[in-house]
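Comments concern the structure below.
Nothing in this text is a laboratory measurement; each read-out follows from the coordinates by a stated rule. Small disclaimer: the values here were computed from a predicted structure and weren't measured. Positions of Cβ are backbone-derived with ideal geometry, glycine not excepted, and every protein chain shown enters the neighbour counts.
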Amino acid sequence: MSPTVRSAKPPFGAHAGSIRPPFRDNPRLILVGIALLLAALAAMVVLAERSAELSPDFLSGAVLYAVTAADLTMLAALVFVLARNVVKLLVERRRALPFARFRAKLVAAMLGLTLIPAVLVLIVGSELIRNSADRWFSAPVDDVLSSANAVASGYYHDRQVTVSEHADRIAGSLAGVDLAAADVGAVRDLISTEVTEGRVELVQVYRVVAESDDGRADVVPVVDVATSSLPQADAPVSADRLASRVLAGSAESWTVEPLAAGGDLVRAAALVPGPDGGAPLGVVVASSHLTGDVADHSRRITQAYEAYSQLRVLQRPLQGVYLSFFLMVTLLILVSATWMGVYIAKRIMRPVHLLSDGARALEAGQLDHRIEPETADEFGSLVEAFNSMAGGLAVSQRKLERSQADLRRKNVEVEGRRRYIETILERIATGVVSIDADGTVGTVNRAASRLLGLTEAAVGRPASEVFDRADLRPMGALLDSLPAARDPSAREVALEREGKAIHVAVAATTLQRAGAGGGGTVMVFDDVTPLIRAQRVATWRDVARRLAHEIRNPLTPIQLCAERLRRHFSTAPRPARALVEECSGTIVGEVESLKALVDEFSQFARMPAPRTVPVDLHALLDDALRLYDGLFDDVRIDRAFAPQVPAVRADPEQLRRVVINLVDNAIEVLRGAATGGAVNNGNRGLVVVGTAHAAADGIVRITVADNGPGIPPGDRDKLFMPYYSTKQRGSGLGLAIVRRIIVEHGGNIEVGDNGDRGSTFTVELPCSA
Amino acid sequence: MLLRGAAGRGVSWRGVLTNLGRGVGVTLCALLVLVPALVAADLVRVRPLHRDGQIFVSFELTDAFSEEMRAAIRSGLPTTFSYDVELRRAIRFWFDSTVASTTVAASVQYDNLTRRYHLSRTQDGRVDTSEVVDNEETARDTMTTFDRLPLFSATPLEANSEYYLRVDARTRPHNGWFAWPWSRATASGSAKFTFIP
């Protein structure tokens with residue numbers, strides 16, 4: 001029945017086949033134990049039944065010793081079993097082992113169940129035995145047996161006295177008779193009277209003889225006379241011994257001799273005195289026959305009396321024997337009950353203990369732990385259920401581990417994807433702002449921060465609060481209109497930041513959660529300002545090309561006609577000729593101006609695509625600025641180059657043209673301002689050309705700053721438009737060409753304040769890959 | 001017990017019950033050691049005598065013929081008084097050594113029909129004397145009084161050394177409720193003497 005752990009291994013060095021199973025698991029040993037127990041019970045029953053046939057002495061001796069020893073042995077066994085369990089209970093409780101109390105309770109219950117009835121049976125049985133033993137003896141029986149014994153023994157005593165008297169009288173009658181020399185017939189005649197008169201049945205006469213070797217006296221038979229009714233004595237030797245003893249002076253002068261034919265022979269001996277009281281001459285042995293009936297009855301009486309008396313004397317030992325039988329059975333029951341309790345407890349506890357260990361093993365993660373069921377009873381079913389549970393747990397554990405592995409892998413993938421998207425969001429020029437479902441700003445990427453001027457503090461704040469800023473209100477309005485909008489397509493929103501107009505294409509999308517409502521909003525926006533500018537430039541280039549084409553054609557005939565008029569009127573009167581000369585000169589001059597203007601238009605319209613090569617920016621700047629060395633006394637040009645600037649990929653000629661154009665504009669502004677007294681109260685003008693490297697953005701910046709009067713914010717965006725100029729002379733195409741060159745190089749150009757005074761043009765070019 | 005004077009002595013079991021483990025040992029010790037010692041009283045008078053290279057021993061068992069004993073004898077039960085006589089030498093801080101030992105027994109069986117006592121004496125199972133007497137006093141003396149028995153040789157004894165004779169008496173039959181298998185004696189006595197050659 002007891003299950004075993006499937007993974008259990010035999011002790012080190014022991015063969016599995018050589019392990020002897022414990023007693024509780026060995027049916028053969030159990031059967032032998034039960035057989036021995038039954039044999040002991042049967043032996044006790046047989047002994048109790050045959051106790052009446054055994055002598056009281058034997059019962060009170062050997063049997064009492066045996067049963068007492070058996071009682072003590074079983075008592076010691078009971079004490080040992082109980083003490084062992086108590087000690088084990090104490091040890092197991094100290095070690096906090098489970099189920100120790102249960103086993104103790106089970107043993108105590110078994111012992112308690114059997115102790116009370118067994119002790120009751122013992123007490124009742126003991127009282128019954130004692131009462132029965134007391135009833136064995138009673139005063140009437142005592143009196144009867146004592147009287148009977150007194151009668152029998154008195155009868156024997158009387159016969160002994162009588163025979164002794166006869167022996168004395170015969171010995172006296174033979175006093176002084178020399179038995180050795182006397183006539184045997186005379187002696188016979190003398191003693192025959194005693195026999196014939198029936199006083200005794202047998203008279204034997206011995207004479208004393210002296211032994212030659214040691215000088216001791218001895219007797220030899222002389223004559224004997226017996227009645228015919230006396231059975232032939234089987235052993236006359238007894239009379240000889242009696243005579244010898246009496247002659248030797250023994251006090252034992254009579255005997256009772258049982259006869260083989262039945263009855264007893266009472267013998268008495270007397271010495272035959274010598275002459276004048278001298279040494280005895282012989283011994284007379286007189287015998288009286290007690291018939292068989294008398295002797296038998298007397299002996300039965302005596303035996304009954306002795307048996308009764310012995311029973312009385314041995315009353316306590318005999319009671320002790322029977323009580324010991326009861327005690328033995330009681331102890332046997334108690335030992336058996338205790339052992340049975342321990343046995344049952346072990347049988348119950350072992351699978352429970354193994355299940356407990358198995359549960360702990362499962363708790364420790366050993367899901368492969370199994371218990372081998374050995375029986376199909378309730379414990380076997382319990383073990384099967386445990387194993388099934390353990391198997392289910394193992395399968396679930398494996399599924400869980402696989403799920404965890406998949407989840408970890410997916411988490412890694414999601415994390416990678418998140419980082420990938422985050423990197424993209426951080427790197428792309430498109431601004432992305434996510435707004436959570438609760439209306440707070442979730443993320444703001446770097447482009448969005450740059451375009452919208454938002455900081456990290458905006459994350460976590462309500463979107464309505466963030467976009468309530470004056471320059472971002474159009475975005476806020478767009479966000480507010482999003483729930484009602486059906487078309488999530490992009491819209492163009494114009495923002496004004498730091499005095500500049502920024503055109504942003506915004507696409508706001510509401511995120512949809514699976515099975516739920518809105519999951520927030522994502523706003524994606526691009527800075528389309530350069531695109532718009534390029535569109536405008538392209539428009540202007542088309543206009544310029546048309547203007548150049550339409551204007552250039554009539555200019556040449558006009559110029560030729562004016563020169564023809566001047567030649568025709570060269571011979572005309574002076575006033576007329578002077579007038580013609582003046583008018584034709586004006587016409588030719590204006591035509592030349594128009595041609596120059598048309599050339600610029602043509603150049604603006606037909607600007608070639610840049611042929612980019614890696615360019616050392618500082619060398620290019622030095623080369624361009626060297627042209628201005630010594631040209632202007634009132635303007636100073638400084639260099640503020642960064643120590644390390646990577647090469648940029650650009651068309652050197654176009655980039656040089658950009659630098660020269662910007663420096664020319666700055667010098668012209670400074671000199672014009674100097675003429676007007678607007679520069680530093682007559683101080684020398686300063687142009688600073690600098691470089692910087694924004695590694696994080698991957699761009700190189702070229703700045704051209706002056707300390708002139710500066711550019712009003714409202715004019716800054718118009719500066720790069722074609723045909724817009726703040727100068728009295730100029731086509732208004734210089735900065736437009738500059739912007740076009742920079743845009744076609746993938747860069748950007750902006751104008752801003754130079755601190756408190758002047759303006760700064762900033763050109764951003766991508767670094768060479 | 002047939003002999004009087006086996007005084008009982010109270011044993012406290014409270015301590016035994018308080019600690020069962022210790023109690024088991026105490027119980028066994030009490031059963032094996034204390035009980036035999038308690039029942040053995042000093043009721044045998046012993047007198048040694050050295051003469052002619054022999055140690056003569058005289059001893060007498062007193063108060064042996066109680067009414068119970070007389071009743072047992074009168075009932076016809078064979079009754080035996082067995083005496084274990086040991087010649088021992090005391091050793092300080094160690095167990096005493098036994099120089100020699102012998103067993104003397106006296107048996108009696110009363111014949112209720114003839115009113116006579118059949119007496120016999122044995123030494124180490126060998127019958128020494130056998131007689132039949134009518135007198136109870138004679139029978140009692142035969143059973144309990146032993147005069148100058150030449151039991152031991154003085155040869156192994158050391159001169160001027162101290163010895164003692166110990167006599168343990170047992171009676172049979174047993175008439176108690178329980179028989180104690182390990183009882184040593186129902187009565188005992190001893191006598192010291194200095195051996196002077």
The simple spin-label model distance between A:Ala69 and A:Ile532, using points 7 Å out along Cα→Cβ, in nm, is 12.6
Dividing the helical contributions, -39500 (n - 2.57) per DSSP H run of n ≥ 4, by the residues of chain A yields a 222 nm value, nearest 500 deg cm²/dmol, of -19000 deg cm²/dmol
Sorted by chain and number, the residues with a modelled amide H under 5 Å from that of A:Glu201, at a separation of 5 or more or across chains, are A:Ser287, A:Ser288, A:His289
Taking A:Thr726, A:Thr539 and counting other beta carbon atoms within 10 angstrom, the fewest-first order is A:Thr539, A:Thr726
Bounding extents of region A:163-301 in its principal axis frame from Cα atoms, largest first in Å, are 45, 32, 22
For region A:549-603, the Debye formula with one identical point scatterer on each Cα and no solvent gives log10 I(q)/I(0) at q = 0.15, 0.25 Å⁻¹ as -0.45, -0.87
Along region B:188-197, Karplus-curve 3J(HN,Hα) (6.51, -1.76, 1.60; θ = phi - 60°) to the nearest Hz, with x for Gly and Pro, reads 8, x, 8, 8, 8, 7, 9, 6, 10, x
Those trypsin sites (Lys or Arg not before Pro) from region A:715-768 that are DSSP loop and have at most 12 other Cβ neighbours within 10 Å turn out to be A:Lys727, A:Arg729
Rounded to a whole number, the mean other protein chain Cβ count within 10 angstrom for residues of A:314-326 is 3
Taking 0.36 nm per residue of separation between A:Ala181 and A:Asp368 and subtracting their Cα-Cα distance, the length gained on full extension comes to 55.2 nm
Rounded to the nearest 10 degrees, the helix A:27-50 long axis (Cα) sits at an angle to the longest Cα principal axis of chain A of 30
To the nearest 10 degrees, the tilt of helix A:378-427 (Cα long axis) against the first principal axis of the alpha carbons of chain A is 20
tail above 15 Å in the computed P(r) of region A:428-527, as % of all Cα-Cα pairs, reads 59
Heads up, region B:43-195 by the C-alpha gyration tensor (a ≥ b ≥ c square roots of eigenvalues; a/c under 1.5 rounded, else a/b over b/c prolate, else oblate) looks prolate
Computed over the Cα atoms of region A:613-766, the Rg and Dmax in Å are 14.9, 44
Residue-ordered couplings for region A:578-590, obtained by feeding phi - 60° into the Karplus form 6.51 cos²θ - 1.76 cosθ + 1.60 and rounding to whole Hz (Gly and Pro as x), are 5, 5, 5, 4, 5, 5, 5, x, 4, 4, 4, x, 5
Under the Karplus relation with 6.51, -1.76 and 1.60 and θ = phi - 60°, whole-Hz ³J(HN,Hα) for region A:626-643, x at Gly and Pro, equal 4, 5, 8, 4, x, 7, 10, 7, 8, 10, 10, 10, 10, 10, 10, 7, 6, x
So the angle from the long Cα axis of helix A:315-363 to the longest Cα principal axis of chain A, reported in degrees to the nearest 10, equals 10
Once A:Arg360 and A:Met607 are pulled to full extension, the length gained, defined as 0.36 nm per residue separation minus their Cα-Cα distance, is 80.3 nm
Whole-Å distance linking the alpha carbon centroid of region A:98-141 with that of region A:439-468 is 96
Expressed in nanometres to one decimal, the distance between label points 7 Å along Cα→Cβ at A:Asp438 and B:Ser153 is 11.9
The longest stretch of chain A containing none of the chymotrypsin sites (Phe, Trp or Tyr not before Pro) that sit in a DSSP loop with at most 13 other Cβ atoms within 10 Å is A:138-769
Residues of region B:60-80 with backbone N under 11 Å of the label point set 7 Å from the Cα of A:Asp142 along Cα→Cβ are none
Per the 1/(1 + (r/R0)^6) rule, R0 = 25 Å and r from the Cβ atoms of A:Asp629 and A:Glu653, FRET efficiency to 0.05 is 0.75
Cα pairs beyond 48 Å in the protein assembly as shown, in percent, come to 66
Given backbone amide H placed at 1.01 Å from N, residues whose amide H is under 5 Å from that of B:Leu43, ignoring those fewer than 5 places away on the same chain, are B:Ser188
Taking R0 as 51 Å and r as the Cβ-Cβ distance between A:Ala640 and A:Ser396, the FRET efficiency 1/(1 + (r/R0)^6), rounded to the nearest 0.05, comes to 0.10
If the chain between B:Asp96 and B:Thr129 were fully extended at 0.36 nm per residue, the gain over the current Cα-Cα distance would be 8.6 nm
For region B:83-134 the chymotrypsin sites (Phe, Trp or Tyr not before Pro) that pass both the DSSP coil test and the at-most-10 other-Cβ-within-10 Å test are B:Phe93, B:Trp94, B:Phe95
Quick calc: nm separation of the 7 Å Cα→Cβ label points for A:Ser126 and B:Ile196 -> 5.8
Here, trypsin sites (Lys or Arg not before Pro) of region A:577-608 satisfying both criteria (DSSP loop; at most 11 other Cβ within 10 Å) are A:Arg606
